[in-house]
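A.B. asks: Right, I'll just put the structure down here and ask away after.
Values quoted throughout were computed directly from the atomic coordinates according to the rules given, and no laboratory measurement underlies them. Quick caveat, the model's predicted, so the values are computed rather than measured. Cβ: placed from backbone, ideal geometry, glycine included. Neighbour counts: every protein chain shown.
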Amino acid sequence: MNGTAARQVHSTAARDFAAPKEFSGGFVASEEISARASSGRLRVGLVRQIVYVAIDVAMVWLGGVLVFWLSFDFHIENGFSVAPAGGSGAHMLYPASPGFLALYAALIVLACKSQHLYRTPKEVSAIGESTTVLKAVGLATALFVMFVFASGNKEMSRVTVACAGVLNVFTLAGWRYAKRWYVLRRVNRGECSSRVLIVGAGPTGRALAAWLDANGHLGYSVCGFVDPHRNGDTRVLGSLNDFRRVALEQFVDQVFVALPADREVVKQIFVEARRLRLDMNVVPDLYDGLGWHAPMHAIGGFPVLELHGQPIPAFGLAAKRVLDVLLGIVGFGLSLPIVGLAALWIAVDSPGPVFYSALRIGRKGKKFRCYKLRTMVADADMAKEGLRQSNERNGPFFKMERDPRITRAGIWLRRFSVDELPQLINVIRGDMSLVGPRPHPLDDVELYRAEDLRRLDVKPGVTGLWQVTARRDPSFETNMALDLEYIERWSLALDFRILLKTLPVVLRAEGH
């Protein structure tokens, strides 16, 4: 018996031996085995992700120790201590260093998870994966540097952190490239290739076959097609009735169904594929190919094909919140002397409370109490309706260049935006963010058009894109367009740019 025949007999015998036993109730054993196999795949996937996370953490720790070792001479003196390279005395290792390193490792793991680096599809290229690693490590390092700065730590060099970040990019991308190289070598030797049979030789099936053939490094080897219509194509190995025979003859490992939606046909192929212990995938050919790149999700046990979805940047929003709290606390502490002097000036300048608070509309229409230093007379809200006809803004947004309600102290406090410093309390509490659309009063929001409510999709901010680009533009449409542009383009980098541009605007006294 030659090798090919022996392989065929062995494969057929193994599949027949593993075939499900029929009971009166149907293929009960098969369904149980299928459920166990699915559970097993989930466990394997989880274990693989845990291993990947462990490797990343180990790389970050080893990189941190290496960078620290290159920066300092280690020696033991009353326990673990270090002396600066080239220095004359020794000082104890900064006690928070292990904690900082653990935080850095955690940030890198979260960043890698947000970039899906623990579930990288096989079709992603090595360059694409390395670029994603660069983004993740860069984001984590930037957040870590800001945390170190906010903590007031003087022992940890920013240059050392930057060097650790560069090293982490190479190590995290390097071990992933090594894993990819190892898998590719096995694929080239035929050790882990998967033989594929495509059901359906139409446009979708042929496009899938062409893509799999062009990306042989992924480990797929297309055996051919089975199709309802025998058109003379040599790659069409049989009709749908020949599915079992073709699958056995070609030693198929996976089946891709690329037929137009036909429930009965798919069910028949599914039953047969399950009997043969073959992995089965259905390629949706919905709406002229709109579903080709759509992900499949399960909601309440129901498979859902997502033709379009707006991803929620969960990690980015969490990082934004962390920065809001850290910078809000630091900013509030630094601004206390200025707020104190301003409060004294307000108390001397006009009667009434020093601070002013009023209800504003926040994210998703939630009301919150916004805090400011008082810059108007005590009964300013009651006089607002009488001034509506003098509004210098187009639309529901009310603003007057020479508002008679503004006090003498208020003119200067508004010019330098000092009156808005107490809003850092709102930022720390979570009602507002450092960057976002400005919160509007309730009576202004009541005049919104339906499309204007989109600006309430995010938290309002102390500063925003409108404040740094068109603060004196009287058009409400311009204000709204810039707010919506910020929401559409949002990123942490955009927030940083707006914050950096805010300081010059404040120093130029452009507030009013």
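A.B. asks: Quickly rank 220-233, 452-465 as a protection proxy: mean count of other C-beta atoms within 10 Å, highest first.
C.D. replies: The most tightly packed comes first, giving 452-465, 220-233.
A.B. asks: Turning to a different aspect of this structure: Cα-based count: Lys pairs in segment 314-507 below 17 Å, eight or more positions apart or different chains?
C.D. replies: 6
A.B. asks: I need the peptides 373-380, 434-441 ranked by packing, meaning the mean over residues of other C-beta atoms within 10 angstrom, with the highest value on top.
C.D. replies: The peptides rank, most packed first, as 434-441, 373-380.
A.B. asks: May I ask you to compute the full-extension gain from His229 to Ile411, defined as 0.36 nm times their residue separation minus their alpha-carbon distance, rounded to one decimal in nm?
C.D. replies: 57.3 nm
A.B. asks: Continuing with the same structure: At a Förster distance of 51 Å, what's the computed FRET efficiency of Arg508 paired with Ala102, Cβ-Cβ distance as r, to 0.05?
C.D. replies: For R0 = 51 Å, the calculated efficiency reads 0.75.
A.B. asks: Given R₀ = 45 Å, FRET efficiency for Lys267-Asn188 by Cβ-Cβ distance, to 0.05?
C.D. replies: Working: r = 37 Å, r/R0 = 0.83.
After rounding to 0.05, the efficiency reads 0.75.
A.B. asks: Another question, if that's okay. Starting from the 7 Å offset along Cα-to-Cβ, what nm value, one decimal, do you get for the label separation of Thr469 and Arg321?
C.D. replies: Computed distance between label sites Thr469 and Arg321 equals 2.8 nm.
A.B. asks: Show me 125-131, 107-113, 163-169 ranked by packing, highest mean number of other Cβ atoms within 10 Å first.
C.D. replies: Put in order of decreasing packing, that is 107-113, 163-169, 125-131.
A.B. asks: What length, rounded to one decimal in nm, is gained on full extension from Val65 through to Leu500, with 0.36 nm per residue of separation minus their alpha-carbon distance?
C.D. replies: Once the chain is fully extended between Val65 and Leu500, it gains 153.2 nm.
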